[in-house]
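Please read the structure below before turning to the comments.
FYI, it's all coordinate maths here, none of it is from the lab. Bear in mind that the values here come from a model prediction, so they are computed numbers and not experimental data. So basically every Cβ, Gly included, is an ideal-geometry build from the backbone, and we count neighbours across all protein chains shown.
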Amino acid sequence: MTKLGLQQQRAVYAADARVDVGVHFADYDDAQSWLDEIVAADWFTSRRYNERCRRFVVCEQDPRRSNEACAAATVDEESQMGEIHCPLRMLTQQTLLHESAHLLTPGTSHGPTWVRAYLEVTYLARGTETYVQLYDALKLSGADINHREES
Ligand SMILES: [Zn+2]
């Protein structure tokens with residue numbers, strides 16, 4: 001990762017730490033139901049997000065595959081299903097939206113394109129108050145929100 005990319009990642013993680021994580025789901029079925037509602041919402045289709053990912057699938061994270069401290073997302077090109085691997089202790093609305101934004105902006109890391117998608121899904125799924133909280137936190141932690149080029 002480039003130095004700028006690393007700075008951006010740190011800024012994003014710092015911003016996430018400043019924002020209310022929302023609902024902490026008790027189990028994977030609850031989390032999956034919430035993700036299914038997002039994908040079924042009119043706004044999801046009207047933003048043409050369904051052309052990038054038709055379903056977010058959340059599952060337990062394999063500790064051998066990835067560090068327990070982060071959730072990982074991968075998209076299956078053929079079925080357009082995105083997998084989110086998440087430890088139970090991180091199974092919150094915030095984590096799921098963070099990872100969903102990765103699924104909607106493949107290959108952009110935590111750059112401005114990803115940040116815009118993250119802000120947008122947060123606004124649409126969690127409302128104005130959380131959006132403003134996240135926007136302010138991103139600004140405060142120095143995340144790059146506006147530049148066109150990816151870091
Ligand atoms: Zn991330």
- Here the stretch 16-57 gives, from Cα atoms, an Rg and Dmax in Å of 12.3, 32
- Note on the structure: Over the Cα atoms of the chain the radius of gyration and the largest Cα-Cα distance (Dmax), both in Å, equal 14.5, 39
- Please give the calculated 222 nm ellipticity per residue for the chain, where each DSSP H segment of at least 4 residues contributes -39500 (n - 2.57) and the sum is spread over every residue; nearest 500 deg cm²/dmol? -15500 deg cm²/dmol
- Query: Per residue, how much space in cubic angstrom lies within the convex hull of the C-alpha atoms of the stretch 1-87?
  - Reply: 144
- Query: Can you give the Rg to Rh ratio for the stretch 70-130, taking only C-alpha atoms and Rh from Kirkwood?
  - Reply: 0.97
- Task: Set the Förster distance to 25 Å, then compute FRET efficiency between Y13 and M81 from the Cβ-Cβ distance, nearest 0.05.
- Result: 0.45
